[in-house]
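The values are calculated or read from the model by the stated rules, or taken from the named source; none is laboratory data. Note that this is a predicted model, so its numbers are computed, not measured. Here Cβ is always computed from backbone atoms with ideal geometry, including for glycine, and neighbour counts include all displayed protein chains.
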Amino acid sequence: MYSQAKVIAGGLAHIPVVIAVFYFILTTFNKRALKFVEEAKTKKPEAKAVETKKVAVSKTEAPKTEAPKIVKKKHADVPVNIYRPKTPYEGTVIENYSLLKEGAIGRVNHITFDLKDSDPFLNYVEGQSIGIMPAGEDANGKPHKLRLYSIASTRHGDDFKGNTVSLCVRQLQYEKDGETINGVCSTYLCDIKPGDKVKITGPVGKEMLLPEEEDSNIVMLATGTGIAPMRAYLRRMFEPTEKEKNKWNFKGKAWLFMGAPKSANLLYEEDLQRYLVDNPDNFKYTKAISREQQNTKGGRMYIQDRVLESANELFNMIEDEKTHIYLCGLKGMEPGIDEAMTKAAEEKGLNWSELRPQLKKAGRWHVETY
Ligand code: FAD
Ligand code: A2P
């Protein structure tokens, strides 16, 4: 006999069985779903690896079993060409003063521009350049072309507020047919006044960037305004307020070889002397004052003569893979530097013509001459 109570009890007795079947279906489904997701995750990079492997094979004929290389574009995050000649940024001159002492030769100025109203913001990093478009027209009635100038400030600017850029500009002057010719842009820049508006392009350049490693060694070879990027590097390394801002705790050795015609032409000298006092173990400063000092042959003292004097110590540094060398200033110094490096290398039993391309390839030899 079936009673109502028996039917209900029988029904209740099936509930655990039904729950167990549901639980089994659910966990099986979940496991499969998880497996699918995991497979999908691992498949993504595989697709990329195939792509990069294809490039590697076509370029270097690498064996198929070689591990895939993820190629990160070098300095991809460094800003370039935020402003171009067709749409330059009009920056306001904040200050423009002479860097020279009484009795110096020529005219060299430190000039700072306000960037705060730039939109998009004209940001830059140490070692880059900006373009300046001088006002007026050339002999053909066309607007003057831009000239490049190395940035002499850090990204935080001279006032550490992060919205200015500074340059170090020598006025170009030469004699032609008994007449003094003034360079167009350098004269324009040396003459501008605070409040004036100047057309700025850029930033440009990735050749003179500093390495990121705090324990790298930085050898700097500069003539005249070639000090501009080096001033930015040295501020980044040794200027106390700048250091607070940049959090870059430089622990390596910085060695500046500086060429100037007279002592009165030495640029940023007070700052450099202060860095020497504050950082005796990390900063070395060697001057070649061409018209006041003589080299061993009785000629003008150039930085390449100083390089030769310090050949052993310098090449001990260069042999360390943490050392980078930066060359900036007169194009004319390049053959002299090359010759000196060749002799200095020989003294250490090294071959400079082999070593230089290796340093270049390793991103440790940086040249910007003009
Ligand atoms: P221009 O009016 O353009 O005259 C230059 C022209 O004059 C030359 O092309 C040549 O034809 C002629 N000339 C020059 N000298 C003589 C001579 N002795 N005899 C006969 N003819 C001659 N400059 C700085 O001051 N500071 C910097 O930090 C700086 N950084 C630079 C960074 C880079 C990457 C480059 C490429 C250049 C840099 N320069 C720098 C140089 C700058 O760009 C200009 O070339 C320089 O200021 C001269 O420009 P100008 O308009 O005054 O001269
Ligand atoms: P000099 O002009 O006495 O021959 P500035 O730009 O202030 O004139 O400084 C450039 C420095 O570089 C000067 O001391 C200049 O010397 C020097 N110089 C000129 N030609 C060379 C060269 N070929 N190699 C190295 N230094 C040079």
Collect the residues in the range 344-370 that are at pLDDT below 95, part of a helix (DSSP H, G or I) and surrounded by 15 or more Cβ atoms within 10 Å (Cβ to Cβ), keeping them in residue-number order. Ala344, Ala345
Here is a list: Thr225, Thr201. Which entry is within 16 Å of ligand 2 (Cβ to nearest atom), out of contact with any Asp or Glu (no Cβ under 9 Å at 6 or more places or on another chain) and hydroxyl-bearing (Ser, Thr, Tyr)? Thr225
List the strands (runs of 3 or more DSSP E) that sit entirely inside the range 137-242 and contain at least 3 residues that are touching a residue at least 12 places away in the same chain (Cβ under 8 Å). 147-150, 164-170, 197-204, 217-223
Does any residue of the range 283-298 turn out to be crowded, with 17+ Cβ neighbours inside 10 Å, assigned to a strand (DSSP E or B), among the charged types (D, E, K, R) and within 16 Å of ligand 2 (Cβ to nearest atom)? yes
Check on Val169, β-branched (Val, Ile, Thr) and closer than 20 Å to Arg84 by Cα: no
Report yes if some residue within the range 323-338 is of a type outside the set (S, T, N, Q), farther than 16 Å from Met230 by Cβ and either surrounded by 18 or more Cβ atoms within 10 Å (Cβ to Cβ) or touching an Asp or Glu at 6+ places or on another chain (Cβ under 6 Å) (or both); otherwise report no. no
Pull out all pairs, ordered by first then second residue, where Cβ-Cβ is under 9 Å, the residues are six or more apart or on different chains, the first lies in the range 356-370 and is under 18 Å from Thr342 (Cα atoms), and the second is surrounded by 13 or more Cβ atoms within 10 Å (Cβ to Cβ) and of a type in the set (Phe, Trp, Tyr). Arg356/Trp365; Pro357/Trp365; Gln358/Trp365; Leu359/Trp365; Trp365/Tyr326; His366/Tyr326; Val367/Tyr326
Among the residues that make up the range 131-143, is at least one of them within 27 Å of Trp365 (Cβ to Cβ) and of a type outside the set (D, E, K, R)? yes
Return only the number of the condition from (1) among the charged types (D, E, K, R); (2) away from ligand 2 (no atom under 16 Å from the Cβ); (3) exposed (fewer than 13 other Cβ atoms within 10 Å of the Cβ) that Arg274 does not satisfy. (3)
